[in-house]
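To start, the structure under review is shown below, and the notes come after it.
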Amino acid sequence: MREYQDFIVNASKLIEQDPDANWLFRYIGDGLTEHGFSNKMSETYAALVIGQEFFDPSESDFTSYISNVRSEFPQVSPEGHDKLLEVTSKYVQDYYHPKVDTQEP
């Protein structure tokens, strides 16, 4: 659990210092909140996925972090957590790794 908390703290510090990460964090957090999720849950998912982008934890560590988030918010179904992670990851991927259409018209 300590490692997860350290990861979230480090991700939060990075988000505070990096203007792009900060904007994306607020964008994702606001969007999830508008869809009925709590501020804390929205911010946790945004920090988790943005932190994954910057710190590239191992797959096993990230899976452990996801388990911690699931236990922190037991009111959401496992399917709901999967969807939150999927949507949040898509926003982060689209922002940091946009697909550019290189086809000529």
> Within the set of pairs 6+ apart or on separate chains, which have a first residue in segment 55-70 that is closer than 22 Å to ALA21 by Cβ, a second that is among the polar types (S, T, N, Q) and open to solvent by 50 Å² or more (accessible area, probe 1.4 Å), and C-beta atoms under 9 Å apart?
Replying inline: PHE55/ASN10; PRO57/SER64; PHE62/GLN52; TYR65/GLN52; ASN68/GLN5
> Inside segment 55-70, can you point out the residues that are charged (D, E, K, R) and within 17 Å of LYS83 (Cα to Cα)?
Replying inline: ARG70
> Is there any pair linking a residue in segment 81-95 that is closer than 20 Å to SER71 by Cα to one that is among the charged types (D, E, K, R) and open to solvent by 70 Å² or more (accessible area, probe 1.4 Å), with Cβ under 6 Å and at least six apart or on different chains, and which?
Replying inline: HIS81/ARG70
>> Can you list residue pairs whose Cβ atoms sit under 9 Å apart, with the first residue in segment 19-38 being among the small types (Gly, Ala, Ser) and the second being in a helix (DSSP H, G or I) and open to solvent by 40 Å² or more (accessible area, probe 1.4 Å)? Count only pairs 6 or more apart in sequence or on different chains.
In response: ALA21/GLU53; ALA21/PHE54; GLY29/ASN39; GLY29/GLU43; GLY31/VAL87; GLY31/TYR91
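The values are calculated or read from the model by the stated rules, or taken from the named source; none is laboratory data. Please read these numbers as outputs of a predicted model, since none were measured by experiment. Neighbour counts are summed over all protein chains in view; Cβ atoms, including those assigned to glycine, are modelled from backbone coordinates with ideal geometry. Surface areas here come from the heavy atoms of the whole protein model, side chains and all, with no ligands, DNA or RNA. Shrake-Rupley method; radii C 1.70, N 1.55, O 1.52, S 1.80 Å.
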